[in-house]
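**Q** Sharing a structure with you now.
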Amino acid sequence: MIAGVAGLGIGFFTSTCQLNNAGSGPLSVVCLGGNATTNEANDVVKQFFRSIEAREVSQAVKLLEPNAVGALTNDEIEAFYSNMATWFKRCGGIRGIQVFSEPVGDRRRAEYTLEFFGNCKPANGTMAILKDKQRWVLLPD
């Protein structure tokens, strides 16, 4: 088995692939994707960090649960994410984002690891992912 991660734009999906070769026959690859709900929820976490890295603050904010940012001003949000984007840049940019989530009641509990191209150590954290009006949104810890 070969585990792979492939990217399309900001979103990512995880799949497990198996190489099949029946003797002298042609080589084939069979890939099985993970649970769609899990992948969709995990993709939101990845999109969030990629949006921040690209300094697309408005896109990152759209991925948050509306009540999570309700008390903050746009200037406060911009300053926080700008600092985070600067940190990502100093670390050489995000090389990879690993997300593992599991259901907890009506939401998913996500643990993530950000890996960088530069010399920074990987960053780990957690956040909740919940379904709001047919889309997944983040509820940072």
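The values are calculated or read from the model by the stated rules, or taken from the named source; none is laboratory data. Keep in mind that what you see is a predicted model, and the values were worked out from it rather than measured. Quick reminder, even Gly has a Cβ in these numbers, built from the backbone with ideal geometry, and neighbours come from all protein chains shown.
**Q** Within the stretch 27-36, is even one residue assigned to a helix (DSSP H, G or I), at pLDDT below 95, within 15 Å of the chain's Cα centre (by Cα) and hydrophobic (A, V, I, L, M, F, W, C)?
**A** Yes: one or more hits.
**Q** From the list A68, A60, exactly one residue is among the hydrophobic types (A, V, I, L, M, F, W, C), out of contact with any Gly (no Cβ under 7 Å at 6 or more places or on another chain) and surrounded by fewer than 19 Cβ atoms within 10 Å (Cβ to Cβ). Which is it? Write out each step before concluding.
**A** On the way: A60 fails: surrounded by fewer than 19 Cβ atoms within 10 Å (Cβ to Cβ).
Exactly one of A68, A60 is among the hydrophobic types (A, V, I, L, M, F, W, C), out of contact with any Gly (no Cβ under 7 Å at 6 or more places or on another chain) and surrounded by fewer than 19 Cβ atoms within 10 Å (Cβ to Cβ), namely A68.
**Q** At pLDDT 90 or above, more than 28 Å from K133 (Cα to Cα) and of a type in the set (A, V, I, L, M, F, W, C): is that true of A22 in this structure?
**A** For A22, the condition - at pLDDT 90 or above, more than 28 Å from K133 (Cα to Cα) and of a type in the set (A, V, I, L, M, F, W, C) - is not met.
**Q** Still on this structure, I have one more. When residues of the stretch 58-109 are filtered for being farther than 18 Å from V44 by Cβ and polar (S, T, N, Q), how many remain?
**A** 5
**Q** To continue, here is another question. Consider only pairs whose beta carbons are under 6 Å apart and that are at least six residues apart or on different chains; among these, list those whose first residue lies in the stretch 123-141 and is closer than 13 Å to D43 by Cα and whose second residue is of a type in the set (F, W, Y).
**A** Within 6 Å, the pairs are I129/W136; L138/F48.
**Q** Also, I was wondering about something else. What residue, among those in the stretch 87-122 that are out of contact with any helix residue (DSSP H, G or I) (no Cβ under 9 Å at 6 or more places or on another chain) and among the small types (G, A, S), is surrounded by the most Cβ atoms within 10 Å (Cβ to Cβ)?
**A** Filtering first and then ranking leaves G96.
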